[in-house]
1. Please work out how much length the chain gains when fully extended from ILE23 to ASP37, using 0.36 nm per residue of separation minus the C-alpha to C-alpha distance, in nm with one decimal.
2. With a cut-off of 20 Å, note down the residues of segment 15-33 whose backbone N falls inside the zone around a label point 7 Å from the Cα of GLU45 toward its beta carbon.
3. Between beta-carbons, use under 14 Å as the cut-off and find the net charge around GLN44, counting Lys and Arg +1, Asp and Glu -1.
4. In whole Hz, with x marking every Gly and Pro, tabulate ³J(HN,Hα) for segment 24-29 from phi via Karplus 6.51 cos²θ - 1.76 cosθ + 1.60, θ = phi - 60°.
5. Could you compute the net charge surrounding VAL31? Neighbours are other residues with a C-beta less than 13 Å from the C-beta of VAL31; K and R count +1, D and E count -1.
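Laboratory data are not the source of any read-out in this text; all were calculated from the coordinates shown. Remember, predicted model here, so these are calculated numbers, not experimental data. All Cβ positions, even for glycine, are placed from backbone atoms using ideal geometry, and neighbour counts span all protein chains on display.
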Amino acid sequence: MNTNQMEALIGLTATFGILVLLILPSVIGLVRERRIDRQIREAQEAREEVPAQKSSSRSTVPSTATWYAEGRRSKKLVSS
């Protein structure tokens with residue numbers, strides 16, 4: 001190999017390395033998203049397989065948002 005061929009090989013290798021560094025984050029992100037999508041799909045399928053509960057067996061405890069909203073309403077009534 002002469003000097004020109006060696007410089008071309010080094011330049012080609014450097015260009016290929018930069019290309020890999022630019023594409024690698026995108027590929028990692030795609031693989032991660034596909035894994036998450038698969039986990040979500042599996043969870044939805046598992047949820048569909050479980051029979052629906054009767055409404056009477058559900059908990060009657062209000063959610064935090066409901067509790068907060070009711071507290072805000074009662075404070076408004078007191079301050080009026």
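1. On the way: separation 14, 0.36 × 14 = 5.04 nm, distance 2.14 nm.
Gain in length upon complete extension: 2.9 nm.
2. Counting only backbone N, you get 31-33.
3. -2
4. Once rounded to whole Hz, the list reads 4, x, 5, 5, 4, x.
5. Numbers: positive: ARG32, ARG34, ARG35, ARG38; negative: GLU33, ASP37.
Surrounding charge for VAL31 is +2.
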